[in-house]
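Notes follow once the structure below has been shown.
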Amino acid sequence: MDYDVVVAGGGPVGLMLACELRLGGARVAVLERLTEVNPTIKGGAITTPSAEALYRRGMLPALAEVQRQAMDRFQAFLRERNDGDGDGDGDRAAGQGLGFVGHFAGIMLRADLVDRTEPGLGDAGPAAEIAFVAQQDIERLLGERADELGVDVRRGVELTGFDADEGAVTVRTSDGAIRAGWLVGCDGGRSTVRKLAGFEFPGTDPEVTCHQAVVELTGAEDLKVGWTATDTGVYAYGPMPGRVVTVEFDGPPADRDAPVTPEDLQARLRRVSGVDVTITEVRTATRFTDHARQVTDYRKGRVLLAGDAAHVHSAFGSQGLSLGIGDAMNLGWKLAAVIAGRAPEGLLDTYTAERHPVGAWVLDWTRSQVAAMRPDPQSRALREIVSDLAETVTGTTYLAARLNGAAVRYELPGEHPLTGSSTPDLELTDGGRLADHLHGGRALLLDLTDDPELRALAAGYAGRVDTLTAGCPSRPELAAVLVRPDGFTAWAADAGAQAPTPTAGLAEALEEWFGVPEGAVTPG
């Protein structure tokens, strides 16, 4: 074998997956047809699970700096936009601009109405403060990390075909052939891997045409900042100078590959906004629709899919990038464990079982936003009701929790409330936080009561499961937590006389996710 895994696609999802595979010891090549990061404007934010994933790999300082720079630009834009007469409105607008946590169908959600005691909203630690990070910045940071970890990233190389058998995959590229144990398609919504492998891709057809661009324009004084619904569609202006979005319910574009021209953008923005703007230059632009499709299974033999290759949907809510990073985190440690013989191949079945429901939910989440954006009277009546709900604590908390990915939970064995959810970023008595102990990409058994029986059970998993004994004053009810490499809780136990035996179910959970312990005798 030339490599254990070939990853087709070197965007954020492909690079994240490659980094996770390298942490697990796999030899990885990434094929990316572009020679550099695509500057076309794409996602401008990530959800909390993605911020948690990168935080757990030690990337929080870099993310925080990128966000700081982005927020500085945003506040400068608001000041310039609102302080033309020097009355101080610009400073007030800049402050108000930081008081939102996102939007649903262009309905802005106020941060002061979010109940942070909601599970997943108040226990992510510093990662909860990270959101405003653009896709290009994520790709750049992950590219640097992939280089540090020794991933072979081949830019300017395109997958042209492959042949898969029971033992390996021969990948044909524009630069020759590669023999690998596995192939993962992270090559976007028009995935070559998905098409050649014959994955079923059912879903719903598009009904809107959307454009997102950064332009030079005049006459923008009458454009409202943020999202605005009109009689002809929806548009957005900001949060950076010249960034515009238009949503029109006139069906899909006749030619998705046709260049986006200043004349076309200008006509669409005028039509939707009713403002007589003039676009003089297009710096970057893209068009997209609301078609929503998902493969029925994320694996066919030795070929797997992740990210947009497995599911496509509209960009509303900035869910796509984070959904793909979640795929990569879920698949990476599992595939690496199978390759190294630390786990049986059946572990890969849990990849589709866990991630397909999450993808299906995101598709419906974006479909529901399209329904609330339509300009017909029925949809506008629905929009008014959602807007009213978004002015309440309960409504905003519900929408914010789902927008930020707090609702992601896997159906795992075990009855503890933490099992199957993203593990809270516990503050520990060793001076650190839980995420500080997950940088290496291994599982962690956190012993919070100094229990030698717990550590004895984990002793047979040295090299697969790290063990840490510490206290957690903020969660005195917890006795122990088994954290998977992707940060999700595989098992947990409470302390106290009324709680079950602290070790109950731990041996089963360890074997379920990490194979048999070292030295164990297997039947047959």
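The values are calculated or read from the model by the stated rules, or taken from the named source; none is laboratory data. Quick caveat, the model's predicted, so the values are computed rather than measured. With ideal geometry, Cβ positions are generated from the backbone for all residues, glycine too; neighbour counts draw on all protein chains shown. For accessibility, only protein heavy atoms count, side chains too; no ligands or nucleic acids. Shrake-Rupley method; radii C 1.70, N 1.55, O 1.52, S 1.80 Å.
Points worth noting:
- Annotation: amide H-H contacts under 5 Å for residue 478 (H modelled 1.01 Å from N, sequence separation of 5 or more, or interchain): 495.
- Using a probe radius of 1.4 angstrom, the carbon and sulfur fraction of the accessible surface of the chain is 50%.
- Nearest-20 debye value, the chain charge dipole, Cβ charges on Lys, Arg, Asp, Glu: 880 debye
- A simple rule links phi to the HN-Hα coupling: the Karplus curve 6.51 cos²θ - 1.76 cosθ + 1.60 with θ = phi - 60°, which for region 54-68 gives 6, 4, 5, 9, x, 9, 4, x, 5, 5, 4, 5, 4, 5, 4 Hz, with x for Gly and Pro.
- Residues whose amide H comes within less than 5 Å of that of residue 201, counting only those at least five positions distant or on another chain, are absent (H built at 1.01 Å from N in the peptide plane).
- ³J(HN,Hα) computed for each position of region 284-290 - Karplus, 6.51 cos²θ - 1.76 cosθ + 1.60, integer Hz, glycine/proline x: 7, 7, 8, 10, 8, 10, 10
- Average accessible area per residue (Å²) across the chain - probe 1.4 Å, nucleic acids and ligands excluded: 42 Å²
- Whole-Hz couplings from phi, Karplus 6.51/-1.76/1.60, listed for region 448-453; x for Gly and Pro: 9, 10, 6, 9, x, 5
- Using a cutoff of 8 angstrom between alpha carbon atoms and counting only pairs six or more residues apart, the relative contact order for the chain works out to 18 percent.
- Remark on residue 488: its backbone amide H falls under 5 Å from those of 423, a criterion applied only to residues 5 or more positions apart or on other chains, H modelled at 1.01 Å from N.
- Sequence-distant contacts, meaning Cα pairs under 8 Å at least 6 residues apart, place the relative contact order of region 436-488 at 51 percent.
- Cross-link partners for residue 300 among the lysines, with Cα-Cα distance under 22 Å and sequence neighbours closer than 8 places in the same chain left out: 195, 334.
- Cα centroid of region 118-156 to Cα centroid of region 345-373, whole Å: 21 Å
- For region 377-397 versus region 241-259, the spacing of their alpha-carbon centroids is 26 Å.
- Here residue 224 sits with roughly 120 square angstrom of accessible surface, probe radius 1.4 Å.
- Heavy atoms of residue 182: accessible area, 1.4 Å probe, square angstrom to 10: 10 Å²
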